[in-house]
Structures are given as structure tokens and as C-alpha cells.
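The values are calculated or read from the model by the stated rules, or taken from the named source; none is laboratory data. In this text the structure is predicted, and so the values were computed from the model without any measurement. Quick reminder, even Gly has a Cβ in these numbers, built from the backbone with ideal geometry, and neighbours come from all protein chains shown.
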Amino acid sequence: MNIVVIDDHESTIKLIKQMLDMKGYKNVTTFVEVEEALQYLGLGQKGKQHSTPNEVDIILTDILMPKMTGIELCRLIKQHPILRHVPVLMMTAYDNEQLLQEAFQAGAFDYIRKPFTLTELDVRLQQAMKHKKIIDELHVTADVLEKQKQLYQSLFYNNLDACFLLDVNGNVVEINEAAMMLTGYEKNEWKTMNIQQLIDTDDLPLIAKRFADILKGQTMMFKMKLYVKSGQYKEFAASFIPIKVESHVAGAIAIVKTKDAIQQSNRQRKLETDLDLAKRVQEGVLPAPIENANISIIGQYFPSMKLSGDMYCWQQIDEHRYSIILIDVMGHGVAASLIGMSIRSLLPGLMTRVTDPIRVTKELNRHVFNLFKGKSYFTFIYLVIDIKERTIEYLNAGHPPGVLINSDGTVKELVDGSIPIGLMKKVICQKGKVSYKGPTQIYLYTDGLLAACGKNLKDCHKTLKSLHDIYKYDKNHRTIEAIQQKVAQFEQEDDISFISIRIYS
């Protein structure tokens, strides 16, 4: 039990604290100054700010205090969205019925007259605690019921399959649009019908038994024949989901599919299985992180669909040099993924044999243009890091600029390069070169990250710099985890890939 005691007399506070200690109340917080109590309760300066309060179960306050009365404080507490259900006990040394009436009107739970005995204080607190427990349980129940209501509404109204809402007797209470199309009956016709009226008589005994099991709380799936308005019996597959309100079943939702719908669903499941397999293949060609005393290179990609048009790769060229590339293919899904996989097959040889950013760019452009004749393209950024010479050569082909953060905290954007690859038969390009001193951080990303980090380059780079400042002394993967959290907080519409490169010396 967490108790807050507020009284402007230090001696009264000490006495109450001693009494509570004697009764075994452990978590007691006391205040002589009402301003400090307001801050602790998340009410800010005289209740003007609504912040998250500390955990409180009971508040015990004097009525008459010089800077704010207990009645005024109680009003503020009852206006706070979190604290309004906390019982407030008033303490008073005066026999003033008007004050007590105002206190109850302000929302006080009870009052206790000074001086009071230890037993009297304990009894009042126990009553307040029972009240708080009941209120808490009611709120939990209300939250559960609201969540159940939202779940059932979403299941019923947002379902593309035919849905029937049944009461415990099998009467049809509501149907969705798909159910009307499936059966031919309008909503007003259903309101006078029972589901059993439409079931084939041969199926009725078995269906009745299963419906009894549904009313016991079981979810059931089975096939049955229903009589539709056209005058025919059609075979359906039905899932019955019991609607539970607290501890009892109040009805059921029947989700019904025809044979054609089942076959379509099976085809959809097969397609999803194939896509999952392709996704695992795509993830399987992504490189393992490089981590040694000189450099750390790690990446993560977040597809907006099952498959992504993003692709990245890195290679250690020799003892001192590393090449890194990040590609973003136009479009999403299967087509973009296949193009990315086609490019991926060229990368290991190019990045260890050719290495020079300009030559790599021209070779990739030749390959893509010959395949697609300008109808498909991709952007990329390519780096060659030489840890011996402490240089970075790079080329940016229409890609969002990489972010390089020097050891002194200054930021450089990697922008030199060319137009995107594959648009023209020949591409004119220019590589950039950067020298660095001491520990250096480089972030590469695809444009899908902009939506998660501010929707423009300036905000995105500001966010990346902030993450660097926070995690520069942690392991490299901490930044990846922070980006993952940001991506999870918004509705992703584009593929996102992110690479974090940390040069240690």
C-alpha cells in the first residue's frame, strides 16, 4: 500500500508517520509543503501540468493548509486521469460541517478528526483500501470488456468472409455485407430467422451438439450445408467463435466460406508459403557482420512486404581494405526482389576484383541497362574503406547521402556520384574521397528510413547524429536496435535497410 500524507505541521507529519510505522505500513511518503506534494502527484504547479504521477493508493491530507486547502487539492486530484480513483482522506481539527460538506462535494472518500487514535486511523485506511481495490477491479473488468468489444467488432465488420452474429439460441442478430452476398438474404430478412432453419435436416443433430459445445466456450470448425435464397443447398466451411462476456458465453460469431473461397484461401496460403521461402532465401544471402579490432560492419533490413527491393553486401578486399554497398531497387515486392537478387550475384566479384567505385558503377549500369533497357533502375551507395591509409572512397548513385561522423563530432554527407543506375546506356560519374582521423562512424540507409526519422534528410540526419551521441560508447548493434524500435512505431510503407559502420582507429 502506497500512502501519501500531506500536512503543513511538521509535528503532525512525524506523529502520523510513527503511527503508520507501528501498524506496519511500509510505503509512506510525507509532505509539509503542498507544492512538493503536487509535483510528486504529477499535478505540477497548482495542477496546471498533468504528468505521470508516482504510484499512490491512498492520500491523507489536512483540510486547512496555508497555500492550498485540502479541498482544493482534492479537486485537482479528481481531475487527474490517473489519480481520480484514489481515495482521499481528509484530516481536520475543527467541527465545521460546511467544510466537511465541501470536502465530500470535492470528491473526498472520508474524513478523520484530530486528534485520532492509532486504531481509528488504521480502520479508516483499511476501509479506503477496500474501496480502492473494488474500484481497481471494476476498471480492469471495464478494460477487458472494451477490448473484447473491439476485438469482436473488428472480427465481424472488417472480415471479408461472411459473418453471422448469433445469440445463445441460434437466432441471427447481425450479418455483414459478405453474408448477404453469400446467402442472398437481406438484413431485415435475417432478423426473423434462426440459423437452424437454413441447415440441412440431415446435419441438424450434429450441428446442435456442436453448438452446445460452442456455448460452453469452445471454438469449433466444421462443414455444413445451408439453404440459400436461390433455393439451393450450398456446402460451407464454418468457424464458430464464442463471444465471452466476463465468465459466460453470450453468443457466437460464425465465419462462413464456400468451397470456392476455401480453394482460394488454400491458393493464398500456398503463395504465402512460397513468399516466406523466397524471403528466407533473400535473407540468407545477406552478409554476416564483420567485427574485428579495426572495424565493425553490421546491417538490418525491414521489408514493407514479404520481399524487399533492398540489398546490401560487404567484402574484405585485403588486409586493410573493405568494400560496402547498399542498393535500393525501384518498386517493392517480388519484382524488385528478383532484380535485387540478380544484382547480388555480381557483387562479390566486383567488390573484390574491380573495387574502384567508378568502375563498379559502370559495370553495374551496363548489366542493368542491358537487361531492362531503361525500364528499371536502382540507387546505391558504394564505399571502399582503407584503414591503413585512413581514407574512404565512395560513389553515390542517386541514393540518400550516407552520414559520416568524425571523431570530433562533425558530420559530413556522402553525396558525390551519379544518377541512378540503369536509366541510361552510359553513365557519367564522379567518386568522392574522405580522409578521417580517429574513431569514425558511418550510417548508410535507404529512403524508407526518412518516414521513421522525420520525413526529410535534415531531420533524419539529426536523428542519426543523436543516436550516435547516445550509443557511441556502446557496441555497434545498439544503434541498429534503436532504429528497429523507431521503425516499429510507424506504419511502414517502404522497404528500409540500414548499415552501421564503426571504424575504431
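Restricting to the stretch 400-433, and then to whatever is touching an Asp or Glu at 6+ places or on another chain (Cβ under 8 Å) and not small (Gly, Ala, Ser), can you tell me which residue is nearest to Lys375 (Cα to Cα)?
Per the criteria, the residue is Pro400.
If the requirement is being touching a Phe, Trp or Tyr at 6+ places or on another chain (Cβ under 7 Å) and of a type in the set (A, V, I, L, M, F, W, C), which of these qualifies: Leu464, Leu450, Leu444? I'd like the intermediate steps shown before the answer.
On the way: Leu450 fails: touching a Phe, Trp or Tyr at 6+ places or on another chain (Cβ under 7 Å); Leu444 fails: touching a Phe, Trp or Tyr at 6+ places or on another chain (Cβ under 7 Å).
The conditions single out Leu464.
From the list Ile387, Ile358, Ile405, Ile428, exactly one residue is of a type in the set (Val, Ile, Thr) and under 37 Å from the mean Cα position of the chain (by Cα). Which is it? Full working, then the answer.
Values: Ile387 fails: under 37 Å from the mean Cα position of the chain (by Cα); Ile358 fails: under 37 Å from the mean Cα position of the chain (by Cα); Ile428 fails: under 37 Å from the mean Cα position of the chain (by Cα).
Going through Ile387, Ile358, Ile405, Ile428 in turn, the sole match is Ile405.
Let me spell it out: the conditions are (1) farther than 14 Å from Val4 by Cβ; (2) at pLDDT below 90; (3) crowded, with 18+ Cβ neighbours inside 10 Å; (4) of a type in the set (A, V, I, L, M, F, W, C), and Ile63 meets all of them except one. Which number is the exception?
So the condition that Ile63 fails would be (2).
I need every pair where a residue in the stretch 425-437 that is among the charged types (D, E, K, R) has its Cβ under 7 Å from the Cβ of a residue that is part of a loop (DSSP other than H, G, I, E, B), sequence separation at least 6 or different chains.
Within 7 Å, the pairs are Lys431/Asp416; Lys437/Arg390; Lys437/Ser407.
Taking Leu99, is it crowded, with 17+ Cβ neighbours inside 10 Å, assigned by TED's automatic domain parsing to the domain that holds Tyr40 and either among the aliphatic types (A, V, I, L, M) or modelled with pLDDT of 80 or more (or both)? Step through it out loud before you land on a result.
Working: crowded, with 17+ Cβ neighbours inside 10 Å: yes; assigned by TED's automatic domain parsing to the domain that holds Tyr40: yes; either among the aliphatic types (A, V, I, L, M) or modelled with pLDDT of 80 or more (or both): yes.
Answer is yes for this residue.
Could you name every one of the helices (runs of 4 or more DSSP H) located completely within the stretch 442-492 that has at least 1 residues being charged (D, E, K, R)?
Numbers: elements: 449-452, 457-471, 477-488.
Fully inside the stretch 442-492 and qualifying: 457-471, 477-488.
Somewhere in the stretch 326-345, is a residue among the basic types (Lys, Arg) and over 39 Å from the mean Cα position of the chain (by Cα)?
First, the residues of the stretch 326-345 that are among the basic types (Lys, Arg): 344.
Then keep just the ones that are over 39 Å from the mean Cα position of the chain (by Cα); that gives none.
Checking the stretch 326-345: not a single residue is among the basic types (Lys, Arg) and over 39 Å from the mean Cα position of the chain (by Cα).
Exactly one of (1) touching a His at 6+ places or on another chain (Cβ under 9 Å); (2) surrounded by 13 or more Cβ atoms within 10 Å (Cβ to Cβ); (3) part of a loop (DSSP other than H, G, I, E, B) is unmet by Val403. Its number?
Unmet condition: (3).
Look at Glu393 and say whether it is touching a helix residue (DSSP H, G or I) at 6+ places or on another chain (Cβ under 6 Å), surrounded by fewer than 23 Cβ atoms within 10 Å (Cβ to Cβ), in contact (Cβ under 8 Å) with a residue 40 or more places away in the chain and assigned to a strand (DSSP E or B). So that I can check it myself, show each step before the final result.
Values: touching a helix residue (DSSP H, G or I) at 6+ places or on another chain (Cβ under 6 Å): yes; surrounded by fewer than 23 Cβ atoms within 10 Å (Cβ to Cβ): yes; in contact (Cβ under 8 Å) with a residue 40 or more places away in the chain: yes; assigned to a strand (DSSP E or B): yes.
Yes.
What's the total number of residues in the stretch 438-454 that are buried (at least 20 other Cβ atoms within 10 Å of the Cβ) and free of Cβ contacts under 8 Å to residues at least 40 places away in the same chain? Don't jump to the end; show me each part of the working.
Here is the first cut: in the stretch 438-454, the residues buried (at least 20 other Cβ atoms within 10 Å of the Cβ) are 440-446, 448-449, 452-453.
Subset that is free of Cβ contacts under 8 Å to residues at least 40 places away in the same chain: 453.
Number of matching residues: 1.
Which residues, counting only those in the stretch 280-336, are of a type in the set (Val, Ile, Thr) and at pLDDT 70 or above?
Filtering the stretch 280-336 for residues of a type in the set (Val, Ile, Thr) gives 281, 285, 290, 295, 297-298, 317, 324-325, 327, 329, 334.
Passing the criteria: Ile290, Ile295, Ile297, Ile298, Ile317, Ile324, Ile325, Ile327, Val329.
Out of all the residues in the stretch 479-486, is one or more in the same structural domain as Phe372 (by TED's automatic domain parsing), polar (S, T, N, Q) and surrounded by fewer than 20 Cβ atoms within 10 Å (Cβ to Cβ)?
The first filter runs over the stretch 479-486 and keeps only residues in the same structural domain as Phe372 (by TED's automatic domain parsing), leaving 479-486.
Then drop every residue that is not polar (S, T, N, Q), which leaves 479, 484-485.
From what's left, surrounded by fewer than 20 Cβ atoms within 10 Å (Cβ to Cβ): 484-485.
Among the residues of the stretch 479-486, at least one is in the same structural domain as Phe372 (by TED's automatic domain parsing), polar (S, T, N, Q) and surrounded by fewer than 20 Cβ atoms within 10 Å (Cβ to Cβ), which makes the answer yes.
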